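The structure appears below as structure tokens.
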Amino acid sequence: MKREELIRYLDKLLEAGRFRDYCPNGLQVEGRSEVQRLVAGVSATQALLDAAVARDADAILVHHGWFWRGEDGRVTGMRKTRLQKLLRHDLNLIAYHLPLDGHPELGNNAQLAKQFGWLVDDRFGDQDIGYLGHLENPRTVAAIGERVGSALQRAPLLIGDGGRLVSRVGWCSGAAQGLFEEAIARGVDLYLSGEISEQTVHLARESGVAYLAAGHHASERYGVRALAEHLAERFGLNCEFVDLDNPV
């Protein structure tokens, strides 16, 4: 399909225009005009670029792209090497950050609910990125931690009482520890995000609300994979999700 057609479809599907974000969403680097083979991954790293070239891809679709607010804008060193490879092989780089967190079906947080068997009740936080929900059958914090670790193939860091019974949960993938206090105010028994900060440990201990740090990469695999599968089904594109290990 035409690149412009693909971008128009993705922009509309993910409502890219309504988000205030830290990077440009949509087409970040222009490549060839026809897209039939697409490689998807969490982050636009050199390893993902190499994988796309090896597969003779036309485009790369990621959650973490380039050109982040506050970064040094000079194209030197690592940035030169990455961009040079992309341009040499005429590859399109397509990235959706917050729009891919927030989509109610394909987004990272909706997909986490699917992975864990959590039922979605509401949204919260800036731009409704955070999710609130419940468990059909209450379980202990420790049991939920085991379920999360099994689903994400990465043991989460648990802060809190493992024996506490949980029925109401809040979550937001990636680096969303900043939503923890608001989630507590909304009455959750447990909050999950990808990362945890030093002060968050104290908030969990003093509030009594458990915190699960499940890994930034691990918690954001599923949105871009679901989006790639959606494109393959809808347009017949050859889409492959490449999962490159990241321990954090």
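Just so you know, all these numbers are worked out from the coordinates, no wet-lab data involved. The model shown is predicted, which means the values in this text are computed figures rather than measured ones. A quick note on method: Cβ atoms are made from the backbone with ideal geometry, for glycine too, and the neighbour counts reach across all protein chains shown.
Note: relative contact order over the range 103-216, using C-alpha pairs below 8 Å and six or more positions apart, is 24 percent.
Determine the distance separating the Cα centre of the range 110-166 from the Cα centre of the range 170-236; give it in Å without decimals. Rounded to whole Å, the Cα centres lie 8 Å apart.
Most simply put, the range 115-248 has about 65% antiparallel DSSP beta bridges, counting only bridges with both residues inside it. Across the range 3-101, C-alpha contacts under 8 Å between residues 6 or more apart give a mean separation that, scaled by the residue count, equals a relative contact order of 39 percent.
A cut-off under 12 angstrom between Cβ atoms defines the neighbours of residue 170, and their net charge, with Lys, Arg +1 and Asp, Glu -1, is -2.
Rounded, prolate or oblate for the range 87-145? Axes are the square roots of the Cα gyration tensor eigenvalues, ordered a ≥ b ≥ c, and the cut-off for rounded is a/c under 1.5. Verdict is prolate for the range 87-145. Computed as a quarter of the hull surface, the mean projected area of the alpha carbon convex hull for the range 167-248 stands at 6.6 nm². Among beta bridges identified by DSSP and lying wholly in the range 1-132, the antiparallel ones come to about 45 percent. Taking each residue as 0.36 nm, the span from residue 205 to residue 175 lengthens on full extension beyond its C-alpha to C-alpha distance by 8.8 nm.
Quick one: grab the alpha carbon gyration tensor of the range 3-101, order the square roots of its eigenvalues as a ≥ b ≥ c, and give me rounded if a/c is under 1.5, else prolate or oblate depending on whether a/b is larger than b/c. Here the range 3-101 falls in the oblate category. Label-to-label distance for residue 71 and residue 161 is 4.4 nm, based on points extended 7 Å past Cα in the beta-carbon direction.
Summary value for the chain: 20 percent relative contact order, contacts being C-alpha pairs under 8 angstrom separated by 6+ residues.
With a ≥ b ≥ c taken as the square roots of the eigenvalues of the C-alpha gyration tensor of the range 103-216, please select rounded if a/c is under 1.5 and otherwise prolate if a/b is larger than b/c or oblate if it is not? Verdict is rounded for the range 103-216.
Here the ratio of the Cα radius of gyration of the chain to 2.2 N^0.38 Å is 1.04.
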